[in-house]
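S.K.: To start, I am sharing the structure in question, which I have written as structure tokens.
The values are calculated or read from the model by the stated rules, or taken from the named source; none is laboratory data. This one's a predicted model, so the numbers in the text were calculated from it and none came from an experiment. Cβ coordinates were reconstructed from backbone atoms using ideal geometry, including for glycine residues, and neighbour counts include every protein chain displayed. Surface accessibility is based on the protein's heavy atoms, side chains included, excluding ligands, DNA and RNA. Shrake-Rupley method; radii C 1.70, N 1.55, O 1.52, S 1.80 Å.
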Amino acid sequence: MKDIGIVRNIDEMGRLVIPKEMRRKMDIDTGDEIEFFIEGDRIVLRKFQPACFFCGSEVALVEYKGKRLCAECVAEMKAKF
């Protein structure tokens, strides 16, 4: 489902402007790192978060529903549920 739909052109240098409304919604500020990857026939862009969403650890990360989690936090969650 689409929340916001805006069409933009890519310039001669291959650059694309991410609309302000989308940057605001995704909490993307000037200077933030953005990661690009391909999912099927789509190019996906998102704010780069190289650490665990909960504790900030950068060790043994897995991705779950678009968030990076460390093994310790995953183990803690498993124990609680």
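S.K.: Would you point out the residue of region 57-81, among those that are among the charged types (D, E, K, R) and part of a strand (DSSP E or B), that is least open to solvent (accessible area, probe 1.4 Å)?
M.R.: Arg68
S.K.: Continuing with this model, one more query. When you go through (1) farther than 27 Å from Arg8 by Cβ; (2) within 16 Å of the chain's Cα centre (by Cα) one by one for Cys73, which number turns out not to apply?
M.R.: Of the numbered conditions (1) farther than 27 Å from Arg8 by Cβ; (2) within 16 Å of the chain's Cα centre (by Cα), the odd one out for Cys73 is (2).
S.K.: Open to solvent by less than 100 Å² (accessible area, probe 1.4 Å) and in contact with a helix residue (DSSP H, G or I) (Cβ under 6 Å, 6 or more places away or on another chain) - does that describe any residue in region 15-32?
M.R.: no
S.K.: Phe48 is checked against (1) at pLDDT below 90; (2) over 16 Å from the mean Cα position of the chain (by Cα); (3) not β-branched (Val, Ile, Thr) and fails just one. What number does that condition carry?
M.R.: (2) is the only condition that Phe48 fails.
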